[in-house]
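Down below is the structure, laid out as structure tokens.
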Amino acid sequence: MIYLDFAASTPLLPSVQKELFRAFEEEYSNPSSAHKLGRSSSEKIENVRDIIANSIGAYKSEIIFTSGASESNNLAIKGYVLANKDKGKHIITSLIEHKCILSICNFLEKEYGYEITYISPQKNGIIDAQDVISAMREDTVLVSIMHVNNELGSIQPISAIGQACFERDIKFHVDAAQSFKKIPIDVDKLNIDMLSLSAHKIYGPKGIGALYIRDLRETRIQPVIHGAGQEYGLRGGTLATPLILGFGAAVEDQTIEDSFEEVNKINSLVRDKVIEIGGSFNTPEINFIPHILNIRLPNFDSSHFVANSDFLCSQGSACSSMNIEMSYVLREIGVTYENSIKSLRLSLDYNSKYDLILPIFKFIIEG
Ligand SMILES: *Cc1c(COP(=O)(O)O)cnc(C)c1O
């Protein structure tokens, strides 16, 4: 089997596995406990908070641990807007956000009467910052735009949008699950107010993530999970010590950063091959991360391929029981239903080898 689905989830790095297994065995006490073992775990957790904060140019007092990017997105968006209803009820996001952002916005619209402006991407999967800026109003309370799209790998103009939000005193949330450690993030330079992270997209364990909240103590946020006062009262539940320490090990490990150029090389070799066999791209030609490559191939059925081949990747259309439902991301960038069936998302990592990917095309050509 050749795994080419790293955008969906990643295996553990050896350094992460080691720390995770050690912590599962040794760090079993409640980190809120006042005794020695609790305090020792708590110190290690605070160290991870510091590591995460440093990796995005934040203070450790601005980092909250969650169960992953989905929960971080919920806490950021619902938590902020529901605690700040007096500031307006208009939210701006895009049509190609991760499903969970769209679900949250839909919930706020239906249950709380928020008005949502959904920005259309350009044909190349990149959102025009000017479109977002033009949609800003007096009553806009929050803008939420992802850093890197998970199906296309397109990098969004976060800096320009952040600057415009800053000038208008609008909060800016960014889902950085796909960009973290692949492209640099500095929350001050990019004017980001809230940032969602997930450990299992960076070779950490599943079930843990973080939310950065600028000036957390001065920001009104409604908890999504009410609890016993953990995480500044914003996220109840006993802290998952082993998962947090595993997350920290993943953030400290530089494998992703160190392999960027190598992944870039493989990406361009694969692109050349796709062109050679008459294929094309859903992924943009500029402003993309090399780890995600969404391709379109002639005479190809991606759902059959994904279900049956030993190359593990994602299809451009998502099968739901009997009917094949097209990816909304591909639809929004103008891909037809017929072309979505021919689409395949390959996601690469530091261990990917061009020679091992090449047979995929032989397989596709020969059927
Ligand atoms: C994977 C992913 C998520 C969900 O993250 P979880 O930690 O699994 O909840 C959210 N947004 C993006 C862009 C993702 O790629």
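The values are calculated or read from the model by the stated rules, or taken from the named source; none is laboratory data. These figures come from a predicted structure and were not determined experimentally. All Cβ positions, even for glycine, are placed from backbone atoms using ideal geometry, and neighbour counts span all protein chains on display. Note: areas computed on protein heavy atoms with side chains; ligands, DNA, RNA excluded. Shrake-Rupley method; radii C 1.70, N 1.55, O 1.52, S 1.80 Å.
Are there GluC sites (Glu not before Pro) in the stretch 189-297 that DSSP marks as loop and that have at most 14 other Cβ atoms within 10 Å, and which are they? Kindly include the intermediate steps, with their values, before the conclusion.
On the way: sites: 218, 231, 252, 257, 261, 262, 276, 285; in loops: 285.
Here the sparse-neighbourhood loop sites are 285.
If each of residue 353 and residue 103 carries a label point 7 Å out from its Cα toward its Cβ, how far apart are those two points in nm?
3.9
Can you give me the relative contact order of the stretch 1-139 as a percent, contacts being Cα pairs under 8 Å and 6 or more apart? Walk me through the intermediate numbers first.
Working: 91 pairs, mean separation 19.9, N = 139.
Here the relative contact order equals 14 percent.
How large is the accessible surface per residue of the chain, computed with a 1.4 Å probe and reported in Å² as a whole number? Intermediate values should be presented prior to the final figure.
Details: 15840 Å² over 367 residues.
Per-residue value: 43 Å².
Between residue 252 and residue 232, what length in nm is gained on full extension when 0.36 nm per residue of separation is reduced by their alpha carbon distance? Walk me through the numbers on the way to the answer.
Details: separation 20, 0.36 × 20 = 7.20 nm, distance 2.47 nm.
Here the answer is 4.7 nm.
Determine the order of 114, 232, 350 by accessible area, beginning with the largest, at a probe radius of 1.4 Å. Numbers along the way, then the final one.
Values: 114 5, 232 95, 350 65 Å².
Putting 114, 232, 350 in descending order of accessible area: 232, 350, 114.
What percent do you get for the relative contact order of the chain when only Cα pairs under 8 Å and 6+ apart count? Intermediate results must be reported in sequence, preceding the final value.
On the way: 722 pairs, mean separation 85.1, N = 367.
Dividing the mean separation by the residue count of the chain yields 23 percent.
Which loop trypsin sites (Lys or Arg not before Pro) in the stretch 129-200, with loop taken from DSSP, have no more than 15 other Cβ atoms within 10 angstrom of their Cβ?
Details: sites: 137, 168, 171, 181, 182, 189; in loops: 137, 181, 182, 189.
Sparse-neighbourhood loop trypsin sites (Lys or Arg not before Pro): 137, 189.
Jot down the per residue volume, in cubic angstrom and as a whole number, of the convex hull over the alpha-carbon atoms of the stretch 35-139. List each step's numbers first, then the result.
On the way: hull volume 16.1 nm³, N = 105.
For the stretch 35-139, the hull spanned by Cα atoms encloses 153 Å³ per residue.
Per the 1.4 Å probe, what fraction of the accessible area of the stretch 1-147, in percent, lies on carbon and sulfur atoms?
Roughly 51 percent of what the probe reaches on the stretch 1-147 is carbon or sulfur.
Which whole-percent values make up P(r) of the stretch 133-240 when all C-alpha to C-alpha distances are grouped in 10 Å steps starting at zero?
Computed distribution, short to long bins: 13, 40, 35, 12, 0.
How do 198-206, 58-66 rank on mean C-beta neighbours within 10 Å, highest first? Please report the intermediate quantities before stating the final value.
Numbers: 198-206: 24.8, 58-66: 20.9.
By packing density, highest mean first, the sequence is 198-206, 58-66.
Taking all pairs of distinct Cα atoms, average 1/r, flip it, and tell me the Kirkwood hydrodynamic radius of the chain in Å to one decimal place.
Every distinct Cα pair counted, the radius reaches 21.4 Å.
Per-residue ellipticity at 222 nm for the chain, helices alone: DSSP H runs ≥ 4 residues times -39500 (n - 2.57), over residue total, nearest 500 deg cm²/dmol?
Roughly -11500 deg cm²/dmol at 222 nm, from the helical runs in the chain.
What does the extension gain come out to for residue 135 and residue 287, with contour length at 0.36 nm per residue minus their alpha carbon separation?
Computed gain between residue 135 and residue 287 is 52.4 nm.
With a/c under 1.5 counting as rounded, go ahead and sort the stretch 183-231 into rounded, prolate or oblate using the C-alpha gyration tensor (a ≥ b ≥ c being the square roots of the eigenvalues; past the cut-off, prolate if a/b is larger than b/c, else oblate). Could the numbers behind the result be given before it?
Numbers: a/c = 3.19, a/b = 1.09, b/c = 2.92.
Verdict is oblate for the stretch 183-231.
Note down the nm distance, to one decimal, between modelled labels 7 Å out along Cα→Cβ at residue 112 and at residue 275.
Result for the modelled spin labels: 4.8 nm.
Calculate, in nm to one decimal, what residue 166 and residue 308 gain on full extension: separation in residues at 0.36 nm each, minus their alpha carbon distance.
Numbers: separation 142, 0.36 × 142 = 51.12 nm, distance 4.88 nm.
Taking residue 166 through residue 308 to full extension adds about 46.2 nm, to one decimal.
Cα axis of helix 99-112 to longest principal axis of the chain: angle in degrees, 0 to 90, nearest 10?
Computed tilt is about 50 degrees.
What angle do you read, to the nearest 10 degrees and between 0 and 90, between the alpha-carbon axis of helix 260-276 and the longest principal axis of the chain?
Taking the Cα atoms of the chain, the angle to 260-276 is about 30 degrees.
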